[in-house]
1. Given the Cα-Cα distance of K5 and E37 and 0.36 nm per residue of separation, how much length would full extension add, in nm?
2. Stokes-Einstein at 37 °C, 0.692 mPa s, Kirkwood radius from Cα pairs: D for the chain in µm² s⁻¹?
3. Take the alpha carbon gyration tensor of segment 45-91, find the square roots of its eigenvalues, order them as a ≥ b ≥ c, and report rounded if a/c is under 1.5; if not, report prolate when a/b exceeds b/c, else oblate.
4. For segment 21-91, which chymotrypsin sites (Phe, Trp or Tyr not before Pro) are both in a DSSP coil and crowded by at most 15 other Cβ atoms within 10 Å?
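Where a number appears in this text, it was derived from the coordinates with a stated rule and is not lab data. Predicted model only: the values in this text are computed from it and were never measured. Positions of Cβ are backbone-derived with ideal geometry, glycine not excepted, and every protein chain shown enters the neighbour counts.
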Amino acid sequence: MDRGKLRKLFTSQLAISCMSFGGGLTITAMMRRRFVEELHWLSPQEMLDLTAIAQAAPGPSSSNTAVMVGYRLCGLPGALLCALAAVLPPM
């Protein structure tokens, strides 16, 4: 596993969670901008699919989307780091 990518994933998600106001859809839009448009780690269709799956799951959609993106990019370590980064600022 690429530690640099994991670090970038964690810091990106943490920054998004710290700087966003407005609920799950706002955070999801910021995640799309970061991971699709800036880093080019996901295609627009992949992000749309992950968001749809996350919204169908129980729980907050922003945290679910973060977990889905983390899992898609870096497997289980990415999912765990993104979950932590998504809930740390609100706590």
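1. 9.9 nm
2. Rounded, D is 261 µm²/s.
3. oblate
4. For chymotrypsin sites (Phe, Trp or Tyr not before Pro) across segment 21-91 that sit outside H, G, I, E and B with at most 15 neighbouring Cβ atoms in 10 Å, the list reads F21.
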